[in-house]
Amino acid sequence: MRCNIIQFLKVLSHPERLCLTLDVLRAEQSVGELAENRGISTSTASQHLSRLRDSGLVIGTRRAQKIYYRVADNCPVVELVEQLAELFTTGNRELQHRLSV
């Protein structure tokens, strides 16, 4: 399901979902890898990834018993995150590093 701009921003407004989105922008990863990298349970990661998937921001691909997530094709999140990072990190090297994609 594709989301409208309000749904899109609501989904990304949660810090954990934004961080998970940044993680899958860097590389396709399994739920377990994402959970471990974020320091959260796989259940919590799965719940957030489900919201991202339902909004059309990420795609999950099953391989054997694992699901790997990546940003959906033609998803505006890539351009949005790049622009936000530029706007909010100018002069702030620590934040630039955390948001780099």
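Here are some notes:
- Matching residues in region 61-78 - criterion: being farther than 12 Å from T21 by Cβ and either modelled with pLDDT of 80 or more or in contact with a Phe, Trp or Tyr (Cβ under 6 Å, 6 or more places away or on another chain) (or both): T61, R62, R63, A64, Q65, K66, I67, Y68, D73
Let's see how each residue does on (1) part of a helix (DSSP H, G or I); (2) not β-branched (V, I, T):
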{"residue": "I6", "(1), (2)": "yes, no"}
{"residue": "K10", "(1), (2)": "yes, yes"}
{"residue": "R17", "(1), (2)": "yes, yes"}
{"residue": "T21", "(1), (2)": "yes, no"}
{"residue": "V24", "(1), (2)": "yes, no"}
{"residue": "A35", "(1), (2)": "yes, yes"}
{"residue": "I40", "(1), (2)": "no, no"}
{"residue": "T44", "(1), (2)": "yes, no"}
{"residue": "Q47", "(1), (2)": "yes, yes"}
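- Qualifying residues in region 1-55 (those that are in contact with a strand residue (DSSP E or B) (Cβ under 7 Å, 6 or more places away or on another chain) and among the acidic types (D, E)) - the one surrounded by the fewest Cβ atoms within 10 Å (Cβ to Cβ): E28
- Yes/no for L52 being modelled with pLDDT under 90, within 19 Å of V78 (Cα to Cα), among the aliphatic types (A, V, I, L, M) and in a helix (DSSP H, G or I): no
The values are calculated or read from the model by the stated rules, or taken from the named source; none is laboratory data. Predicted model, so just to flag it, every value in this text is computed and none were measured. Heads up, the Cβs are rebuilt from the backbone with ideal geometry, glycines too, and the neighbour counts pull from every protein chain shown.
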